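The values are calculated or read from the model by the stated rules, or taken from the named source; none is laboratory data. Quantities reported herein were computed from a predicted structural model and do not represent experimental measurements. Virtual Cβ from ideal backbone geometry, glycine too; neighbours counted across all protein chains shown.
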Amino acid sequence: MARIAYVNGAYTPLKDAFVHIEDRGYQFADGIYEVVVRVGGRFWDLDGHLARWSRSLKELSIAEPMSERALRLIIHRLVEKNRLGDCYIYMQATRGVAPRNHTFPLEGTRPSLVMTVKPLDMNKLNANAQKGISVITEPDIRWDRVDIKSVGLLANTLAKENAKKAGSGEAWLVRDGKITEGGSSNAWIVDKSGALITHPLGHEILGGVTRQAVIACAEKLQIRVIERAFSVDEAENASEAFITSATNLVTPVTAIDGVKIGGGKPGTVALRLREAYIAYNAG
Ligand code: PDD
């Protein structure tokens, strides 16, 4: 079945889904996005993703394209129209279409809203987690407001492309000797005492919705969580490492720059947290 996208008020076959060449998202990366998964008929952490959606828009002074209620309706409709089971939902809003000029367009420019969906293979994700992934480190050359989920992802794509070329699943970004996060995920290690360590919230990382849920899961499991920056050296000597994101859930990391972590096998703490995170969403 041909996939259907949502573009500024219309449901359109994906092959015909276009935006204007003067859309500010296209010319200035002047927009934001969210990725949500739907598994087993439930949208995972949708409230958290919609809250961050609104926050990102507010931080950039982009008007909400529509009410949260209407947004939820479109998400549901789009999944229905595509007759998908487990899937990824991509939603993006930009400041809209206006003649190219760096400063904001005059009032009356409406924000653009597009959405696409694609199938998600839970079996493949699970197989990935059982095996674990390797990561490489890359310099964090991004701007200073990566807490905003902006579509300006060039630095992330360059880092992730290097990871792919190295046969790795993710790039861990390093700023001032400390790992901030992954190219499209949050980064975690487990120390010798079994405590979780992850970079604190702030302008240097995206406040992952999965990160927040995993902190709640860890608290339930009585696993200590320490929110502080950690170095590459600390990571290479950790008991375990893992990443979190809407699309990877909790995925163990078994090597950093070729250095094996936890004997090169997925760690038990990471796998427990993955299970707890899945249970938390499955309800
Ligand atoms: N990325 N950090 C970065 C830089 C990210 O791009 C993401 C998510 C995360 C994790 O956030 P969350 O847990 O809310 O998914 C952290 C999405 C999945 C993407 O760009 O495809």
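Kindly provide the set of residues from region 44-54 that are touching a residue at least 24 places away in the same chain (Cβ under 8 Å) and more than 13 Å from residue 210 (Cβ to Cβ), ordered by number. If you could, list the steps in order and put the result at the bottom.
Kept after step one, since they are touching a residue at least 24 places away in the same chain (Cβ under 8 Å), are these residues of region 44-54: 44-46, 48-49, 52-53.
Across region 44-54, the qualifying residue is only 53.
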**OP:** Go through region 196-283 and tell me which strands (runs of 3 or more DSSP E), entirely inside it, have 2 or more residues that are in contact with a Gly (Cβ under 7 Å, 6 or more places away or on another chain) and either closer than 20 Å to residue 125 by Cβ or not β-branched (Val, Ile, Thr) (or both).
**Re:** 240-245, 249-256
Subject >> So residue 157, is it farther than 30 Å from residue 96 by Cβ, within 15 Å of the ligand (Cβ to nearest atom) and surrounded by fewer than 22 Cβ atoms within 10 Å (Cβ to Cβ) >> reply: no
Subject >> Filter result (in a helix (DSSP H, G or I) and basic (Lys, Arg)) within region 1-44 >> reply: 15, 24
Original post:
So how many residues does region 57-98 have that are among the polar types (S, T, N, Q) and either within 21 Å of the chain's Cα centre (by Cα) or not assigned by TED's automatic domain parsing to the domain that holds residue 38 (or both)?
Top reply: 2
Original post:
Are any of the residues in region 224-244 within 22 Å of residue 264 (Cβ to Cβ) and within 8 Å of the ligand (Cβ to nearest atom)?
Top reply: yes
Subject >> Test for residue 110: is it of a type in the set (Lys, Arg) and more than 15 Å from the ligand (Cβ to nearest atom) >> reply: yes
Subject >> Answer from 106, 73, 113, 84 - the residue that is of a type in the set (A, V, I, L, M) and in a helix (DSSP H, G or I) >> reply: 73
